[in-house]
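For reference, the structure discussed in these notes is given below.
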Amino acid sequence: ATWSPTAATWAGNNRTALIRVPDEHRMELRLADMSANPYLMAAAIGAAGLDGLRARSVPPPPTDRNMYDASDPVVAAAIKASPPLPSNLAGALEALDASSPLRSGLGDAFVDSYLKLRRAHWAEYMAQLTPWELETYLDA
């Protein structure tokens, strides 16, 4: 298993949830990887957290199950009730563009500039042909 979360869920000592709370003194947000800008990630987490506090958001029940086991009815219900995480950069950029809390917390000018840059990166990436595509689809 990759142990990468696929839905916005939380749990105790469960590496398949987005937020892991293994004990009363620690929590892990398992969203970012090493390619994330640490300053931008901290700012975005802060903006989202402040929005949750202002809105008095109540988290759903914890999902202390293997979130990859969709045959488990409890897992299937938790996945259905939880917002899915974007599966690629384009989806993440769409979510950022539509996020009022992040636009408010980071500023519209920054978000718009960031979206312009990253959408250009996505377009460049999507224009590439991989060796697998060439081998699979190109008749020689």
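The values are calculated or read from the model by the stated rules, or taken from the named source; none is laboratory data. As the structure is a computational prediction, the values presented were derived from the model and not from experiment. We place every Cβ from the backbone using ideal geometry, glycine too, and count neighbours over all the protein chains shown. These area figures cover heavy atoms from the full protein model, side chains too; ligands, DNA and RNA do not enter into them. Shrake-Rupley method; radii C 1.70, N 1.55, O 1.52, S 1.80 Å.
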Tally up the residues in region 1-30 that are out of contact with any Ser or Thr (no Cβ under 8 Å at 6 or more places or on another chain) and closer than 15 Å to Pro101 by Cβ, please. 0
Kindly check whether there is at least one residue in region 119-129 that is of a type outside the set (A, V, I, L, M, F, W, C), at pLDDT below 90 and part of a loop (DSSP other than H, G, I, E, B). no
Filter region 108-138 for residues that are among the β-branched types (Val, Ile, Thr) and either surrounded by 10 or more Cβ atoms within 10 Å (Cβ to Cβ) or on the phi > 0 side of the Ramachandran plot (or both) and give the result. Val111
Report yes if Pro86 is assigned to a loop (DSSP other than H, G, I, E, B), of a type outside the set (S, T, N, Q), loosely packed, with under 11 Cβ neighbours inside 10 Å and at pLDDT below 95, otherwise no. no
Considering only region 20-33, state which residues are exposed (fewer than 13 other Cβ atoms within 10 Å of the Cβ) and assigned to a loop (DSSP other than H, G, I, E, B). Glu24, His25, Asp33
Collect the residues in region 49-61 that are at pLDDT 90 or above and surrounded by fewer than 16 Cβ atoms within 10 Å (Cβ to Cβ), keeping them in residue-number order. Gly49, Leu50, Gly52, Leu53, Arg54, Ala55, Arg56, Ser57, Val58
Among residues of region 68-82, those that are open to solvent by 80 Å² or more (accessible area, probe 1.4 Å) and either touching a residue at least 24 places away in the same chain (Cβ under 8 Å) or under 29 Å from Ser99 (Cβ atoms) (or both), counted: 3
Given the options Ala36, Ala17, name the one that is over 28 Å from Ala120 (Cβ atoms), in a loop (DSSP other than H, G, I, E, B) and among the small types (Gly, Ala, Ser). Ala17
